[in-house]
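The values are calculated or read from the model by the stated rules, or taken from the named source; none is laboratory data. What you are looking at is a predicted structure, and each value in this text was computed from that prediction instead of being measured. Here the Cβ positions follow ideal geometry from the backbone for every residue, glycine too, while neighbour counts run over all protein chains shown.
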Amino acid sequence: MNLMKRSALTPFMLAFAFTLACNSYEIDKANKLVDATNVLIETANKNADEAGTKLGDMNSKVGAVEEEDQLEALRAQAKEIIPLMEKARDGYKDAAAKFDEASKLKLPEKYKEYLSAKAQELKKRADSTDAAIGQPKAMQEIKSPEEYQPKAQAVVDKMQAASKEADDFKAKAEKIYQENKALFKE
């Protein structure tokens, strides 16, 4: 079971630029922020994927733990997962901040709405990743393998709720994009 389930954020933004080359808009500044955001998202996704793989491996071993040294090995593995998740969370937060900053520039209204929806999506991705950190933390705190599953399930529930909200914002942004393709070019 892959408990690090999240909707994949592909490098979805291919350096969007407006076809409107109006001097009154801050298109160039927005595009630079979007480019920087794409790099942050790509890095965050890599960290999240690596953490998810390691978390899945750790979770697959919990049921086989019979001795303290096996539990201690899982605690060590959990300790390695946390920094990866923190880097992913921070990357999503930084990307959200850049989208938010771009949404406040002088831009066509639909582009602002799109950027704002992407910022909200990434804030929720950060929240989901932050919640997921609870799984390896729970592993570090437990005294027996039986204690892990209820703690892990509570984390998964919180993580899935934030992921659902992120997916909703992603769908909103995609709808704005689809309805206003003329404003964007790849």
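Tabulated values for the structure
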{"quantity": "In region 51-82, the residues that are small (Gly, Ala, Ser), closer than 13 Å to Gln140 by Cβ and surrounded by 15 or more Cβ atoms within 10 Å (Cβ to Cβ)", "calculated": "Ala78"}
{"quantity": "Residue list for region 36-69, filter: in contact (Cβ under 8 Å) with a residue 40 or more places away in the chain and not in a helix (DSSP H, G or I)", "calculated": "Gly63, Val65"}
{"quantity": "Residues (crowded, with 19+ Cβ neighbours inside 10 Å and either at pLDDT below 95 or over 14 Å from the mean Cα position of the chain (by Cα) (or both)) located in region 83-98", "calculated": "Lys98"}
{"quantity": "Residue check for Leu107: crowded, with 19+ Cβ neighbours inside 10 Å, touching a residue at least 24 places away in the same chain (Cβ under 8 Å) and outside any helix (DSSP H, G or I)", "calculated": "yes"}
{"quantity": "Any chance Asp157 is part of a helix (DSSP H, G or I), surrounded by 13 or more Cβ atoms within 10 Å (Cβ to Cβ) and not aromatic (Phe, Trp, Tyr)", "calculated": "no"}
{"quantity": "Condition met for Glu101 (closer than 28 Å to Leu40 by Cα and touching a residue at least 12 places away in the same chain (Cβ under 8 Å))", "calculated": "yes"}
{"quantity": "Inter-residue pairs, beta-carbon under 6 Å, first more than 16 Å from Glu109 (Cα to Cα) and in region 166-186, second surrounded by fewer than 13 Cβ atoms within 10 Å (Cβ to Cβ) and among the hydroxyl-bearing types (Ser, Thr, Tyr), 6+ apart", "calculated": "Lys185/Thr19"}
